[in-house]
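What follows is one structure encoded as structure tokens, with my remarks underneath.
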Amino acid sequence: MAGILGIVGGLGPEATVYYYRLAVRLYRERWGVAPRLVVYSLPLEEMCRAAKSGDVEGVARLLLEALRGLAGAGAGVALVSANTPHMAWDRVVGAAEELGVRLVSIFDPVAEEAARRGYRRVGLLATGATLRAGFYQRALRARGVEALEPPGDVQERVDEAIEELAMRGPEARGGALPVLAGAVEALAAGGAEAVVVACTDISPYLPDLQAGSPVPLLDSSVEHVRAALELLGGPQ
């Protein structure tokens, strides 16, 4: 029997659905069957409050609640279906191991893929909290890739657009996607060879965003799920 994949979800709901579908599709493509998986959904509102205020310990407490639930359900490999909560990575990865869960980061697989593609400068389309935490910048720099961020006024609008997508889902796409497209254009104008979509709430709408983008978009969700499934392994 194959192992069980655990997903920390709810951050937001549309991103969780996207992760579930990705895991099923990519696992089937690799091994011909669907994976065993379990989702522990956290309250988005609580996570947003903690992340916005820079309460790393609060973020960690929520993640540990979910990881304990996933461990109890038998998950051996887990991932968090959001970027911003990775600000608490150093506080939870060791605790996950103690629970018998191998937690997979989102930033390392993305940085490895950016380097593999030969990019030297990539833009980051993410929440301000993700950018301030710096984990993408460090992971990319370690692999010889420079990370670019949107100008401050653009980033403020990006944060608003992401929050709308997280809270309202597809209802918000009409107002949010033009803002995000403008941020991609600003990053490309600033020298980005590609843009990392480092927000899983944007990932479900990536085809629309890519259609008008002047540079390739790298979906953090896809690289994250691929890395977790490789670690999980196929049916025994």
Taking the stretch 94-131 and keeping only residues that are farther than 20 Å from ALA194 by Cα and out of contact with any helix residue (DSSP H, G or I) (no Cβ under 7 Å at 6 or more places or on another chain), one is left with GLY94, GLU97, GLU98
Only one of GLU45, GLU29, GLU14 is touching an Asp or Glu at 6+ places or on another chain (Cβ under 7 Å), outside the structural domain of GLU171 (by TED's automatic domain parsing) and either surrounded by 24 or more Cβ atoms within 10 Å (Cβ to Cβ) or of a type outside the set (Lys, Arg) (or both), namely GLU14
Note: among LEU11, LEU5, just one is under 19 Å from TRP89 (Cα atoms) and part of a loop (DSSP other than H, G, I, E, B), namely LEU11
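If you go through the stretch 105-122 one residue at a time, how many are free of Cβ contacts under 8 Å to residues at least 12 places away in the same chain and part of a loop (DSSP other than H, G, I, E, B)? Before you say what the answer is, go through the steps one by one.
We begin by selecting, within the stretch 105-122, every residue free of Cβ contacts under 8 Å to residues at least 12 places away in the same chain; these are 116, 118.
Narrowing the set further to residues that are part of a loop (DSSP other than H, G, I, E, B) leaves 118.
Number satisfying all stated conditions: 1.
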Note: among LEU187, LEU229, LEU177, LEU218, just one is at pLDDT 95 or above and either in contact with a His (Cβ under 7 Å, 6 or more places away or on another chain) or under 17 Å from GLU14 (Cβ atoms) (or both), namely LEU177
Expected output for the stretch 85-97 (first residue more than 21 Å from THR16 (Cβ to Cβ), partner at pLDDT 95 or above and of a type in the set (Asp, Glu), Cβ below 9 Å, 6+ apart or cross-chain) is ARG91/GLU57
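Residue-by-condition table, conditions (1) under 30 Å from VAL215 (Cα atoms); (2) aliphatic (A, V, I, L, M):
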position: LEU26; (1), (2): yes, yes
position: SER53; (1), (2): no, no
position: LEU67; (1), (2): no, yes
position: ALA73; (1), (2): no, yes
position: TRP89; (1), (2): yes, no
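Within the group VAL56, VAL80, which residue is closer than 21 Å to ASP201 by Cβ, modelled with pLDDT of 95 or more and crowded, with 23+ Cβ neighbours inside 10 Å? Talk me through it step by step, then tell me what you get.
Values: VAL56 fails: crowded, with 23+ Cβ neighbours inside 10 Å.
Just a single option satisfies the conditions, and that option is VAL80.
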Being under 19 Å from the mean Cα position of the chain (by Cα) and closer than 18 Å to CYS48 by Cβ: is that true of VAL225 here? no
Those residues of the stretch 25-50 which are more than 13 Å from ALA66 (Cβ to Cβ) and touching a Pro at 6+ places or on another chain (Cβ under 7 Å) amount to TYR27, TRP31, VAL33
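Can you find even one residue in the stretch 220-236 that is among the polar types (S, T, N, Q) and either exposed (fewer than 14 other Cβ atoms within 10 Å of the Cβ) or touching a Pro at 6+ places or on another chain (Cβ under 7 Å) (or both)?
To start, the set of residues in the stretch 220-236 that are among the polar types (S, T, N, Q) comprises 220-221, 236.
Next cut, either exposed (fewer than 14 other Cβ atoms within 10 Å of the Cβ) or touching a Pro at 6+ places or on another chain (Cβ under 7 Å) (or both) only: 236.
Looking for residues that are among the polar types (S, T, N, Q) and either exposed (fewer than 14 other Cβ atoms within 10 Å of the Cβ) or touching a Pro at 6+ places or on another chain (Cβ under 7 Å) (or both), one finds at least one in the stretch 220-236, hence yes.
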Those residues of the stretch 148-187 which are of a type in the set (A, V, I, L, M, F, W, C), free of Cβ contacts under 8 Å to residues at least 40 places away in the same chain, surrounded by fewer than 22 Cβ atoms within 10 Å (Cβ to Cβ) and closer than 26 Å to THR16 by Cβ amount to ALA172, LEU177, VAL179, ALA181
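What are the residues in the stretch 72-86 that are closer than 20 Å to PRO13 by Cα and either touching a Pro at 6+ places or on another chain (Cβ under 7 Å) or of a type outside the set (S, T, N, Q) (or both), if any? Explain how you work it out, then say what you get.
Keep residues of the stretch 72-86 that are closer than 20 Å to PRO13 by Cα, which gives 78-86.
Those that are closer than 20 Å to PRO13 by Cα and either touching a Pro at 6+ places or on another chain (Cβ under 7 Å) or of a type outside the set (S, T, N, Q) (or both): ALA78, LEU79, VAL80, ALA82, PRO85, HIS86.
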Here the residues within the stretch 66-83 that are within 19 Å of the chain's Cα centre (by Cα) and assigned to a helix (DSSP H, G or I) are ALA66, LEU67, LEU70
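Among the residues of the stretch 186-205 satisfying the criterion of being within 13 Å of the chain's Cα centre (by Cα) and outside any loop (DSSP other than H, G, I, E, B), which is farthest from LEU125 (Cα to Cα)? Don't jump to the end; show me each part of the working.
Going through the stretch 186-205, the residues within 13 Å of the chain's Cα centre (by Cα) turn out to be 196-204.
Adding the requirement that they be outside any loop (DSSP other than H, G, I, E, B) leaves 196-197, 203-204.
Details: VAL196: 6, VAL197: 5, SER203: 11, PRO204: 14 Å.
Going through the qualifying residues, I end up with PRO204.
The values are calculated or read from the model by the stated rules, or taken from the named source; none is laboratory data. If you're wondering where the values come from, they're calculated on a predicted model, not measured in any experiment. Note that each Cβ is placed from the backbone with ideal geometry, even for glycine, and that neighbours are counted across all protein chains shown.
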